[in-house]
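Single-structure report; data block below.
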Amino acid sequence: MWSAARAEFTARFMPAMVLLMPTLVLMTLAAGFQLALKLGNLSPASPNHAWLVASFCVVGVMAVIALGVLEPANIAVLFEMRKPVPDGAVIARLMRRFVLTAGVTGVMQVATLIIMTRVATL
């Protein structure tokens, strides 16, 4: 069930994700907030205000998923991969969780794109 190719891919992919995920999440949140602030869209009088609040909610949920579910799964896979005899079933279960939550995050990214397109057209 757990192939050598999957194990090698996971061993190479997970360390990068452990470093990249929190950095990308935090930088995206900070950049979006700063841009909205600079453009005046955070003012309650702005026609984009409600859309930006919705976007911040969506991005906040994505951040919680990324930092609360994906990151611990990545770290758990790394620890399992470093064992002398990694348990393929444990890694497969963690990777299923990773793929499922990454899919949810992907759907939320599409929602963010729709919201941001709406903001750009107002």
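A few points about this structure:
- Checking Leu42 against (1) of a type outside the set (Phe, Trp, Tyr); (2) under 21 Å from Thr117 (Cβ atoms); (3) open to solvent by less than 30 Å² (accessible area, probe 1.4 Å), the condition it does not meet: (3)
- Any hit, the stretch 59-70, residues being free of Cβ contacts under 8 Å to residues at least 60 places away in the same chain and within 15 Å of Val119 (Cβ to Cβ): yes
- Here Phe13 clears all of (1) assigned to a helix (DSSP H, G or I); (2) loosely packed, with under 15 Cβ neighbours inside 10 Å; (3) at pLDDT 85 or above except the condition numbered (3).
- Pair list, Cβ < 6 Å and 6+ apart or interchain, from the stretch 72-89 residues that are under 10 Å from Val18 (Cα atoms) to residues that are surrounded by 14 or more Cβ atoms within 10 Å (Cβ to Cβ) and aromatic (Phe, Trp, Tyr): Ala73/Phe98
- Just one residue in the set Ala5, Ala50, Ala36 is open to solvent by less than 50 Å² (accessible area, probe 1.4 Å) and in a helix (DSSP H, G or I); that residue is Ala36.
- Qualifying residue in the stretch 67-85 (condition: surrounded by fewer than 14 Cβ atoms within 10 Å (Cβ to Cβ), aliphatic (A, V, I, L, M) and in a helix (DSSP H, G or I)): no
The values are calculated or read from the model by the stated rules, or taken from the named source; none is laboratory data. Values in this document were obtained by computation on a predicted structure and should not be read as measured data. Neighbour counts are summed over all protein chains in view; Cβ atoms, including those assigned to glycine, are modelled from backbone coordinates with ideal geometry. These area figures cover heavy atoms from the full protein model, side chains too; ligands, DNA and RNA do not enter into them. Shrake-Rupley method; radii C 1.70, N 1.55, O 1.52, S 1.80 Å.
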